[in-house]
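Enquirer: Provided herewith is a single structure, encoded as structure tokens, for subsequent inquiry.
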Amino acid sequence: MKLLALFATLMTGAILLYGTMDFPAFGDPQSPAATHLATYFTENAVRETHVPNLVTAVLGDYRGYDTMFETVVIYCAGLAVVSVLRKKKPSVPENKS
Amino acid sequence: MRLLQDQTAEQKLGESLIIQTAVRILVPFIQLFGLYVIVHGHYSPGGGFQGGVILGASFVLLTLAFDQKFALKYMSEKANNILSNAGALLFTGTATLCAICYGGKFLDYSALDKLLPLGPIAWRSFGIFVIEVGVGLAVMSISASLFWLLGSNGEMDEGL
């Protein structure tokens, strides 16, 4: 069983590595990701938001929905853990000195 | 495995003077660095998530070096819950305020210019700052409370 799992893992890894061969080269300016929106952000983000860090400008302003629901997801995780795990101690009046 | 657990429980590993003194000295600087990462997110790598995690890790470090009661003296459970709610509310509230403010769009911070005229571009920069602070507060208190609840079996007393 362990050998089968190792074989499946190796095969999946090999297929994934084979898939990366179709990726554009690292930092290629002609790649699809760098030709549509990235040029708009690099040209206009500082002028439109006055934030020198483009990552912060994109995360906080242009892609605000993404950041907002990331926060909501974390908030829901905290809410779920509190509501599932938190135990109120049995109220013993003698112990409360 | 059980034997090792019993041994460590008896010896109280972590209750060492060197570790406690080092943590006592380090924690204020860690928290200051977390605040710096949040506030300086406009100019350098960082922002709400990263700074919030650093701030939360400082409470985790206090819990590990001392115990959970000691850490809860500095950040009580009630304050922690209020901060996590306040952080999430600061983000969503700012976004909603943009929408209800004189016909602006949801999450379009330049609409807040009509509330307090600083200029729409300055408001876009300042709105990012406000939501980063909200994210930082929420991530800090939630990561600390996750550790405390999971580590103390939901009782929030002694901890590990």
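Throughout, read-outs are computed from the coordinates displayed, never taken from laboratory work. Keep in mind it's a predicted model, so treat the numbers as computed, not measured. Counting neighbours? That spans all protein chains shown, and the Cβs are built from the backbone with ideal geometry, glycine included.
Enquirer: Counting only other chains, and only Cβ atoms inside 10 Å, what mean value do you get across the residues of B:130-136?
Expert: The mean count of partner-chain Cβ atoms within 10 Å per residue comes to 3.
Enquirer: Using DSSP H assignments, which helices in chain B have an axial alpha-carbon span of 18 Å or above and a mean Kyte-Doolittle hydropathy of -1.0 or higher?
Expert: Span-like helices, by this rule, are B:17-39, B:48-65, B:77-100, B:120-151.
Enquirer: Can you grab the distance from the C-alpha centre of the stretch A:1-75 to the C-alpha centre of the stretch B:105-130, Å, no decimals?
Expert: First find each Cα centre; the distance between them is then 27 Å.
Enquirer: Lysine pairs, Cα distance under 23 Å, 8 or more residues apart or cross-chain: how many in the protein assembly as shown?
Expert: 18
Enquirer: OK, next. For the stretch B:15-151, what is the relative contact order in percent, using Cα pairs closer than 8 Å and at least 6 residues apart in sequence?
Expert: That works out to 30 percent.
Enquirer: Related question: In cubic angstrom, how much convex hull volume per residue do the alpha carbon atoms of chain A span?
Expert: Convex hull of Cα atoms, per residue: 250 Å³.
Enquirer: Can you pull the Rg over Rh of the protein assembly as shown, Cα-only, Kirkwood?
Expert: Dividing the radius of gyration by the Kirkwood radius yields 1.08.
Enquirer: Please state, to two decimals, what the Cα-based radius of gyration of the stretch B:15-151 comes to when divided by 2.2 N^0.38 Å (N = residues).
Expert: Ratio of Cα Rg to 2.2 N^0.38 Å: 1.23.
Enquirer: Please give the peptides B:151-157, B:47-53, B:116-122 ranked by average Cβ packing (other Cβ atoms within 10 Å per residue), highest first, as a rough proxy for protection.
Expert: B:47-53, B:151-157, B:116-122
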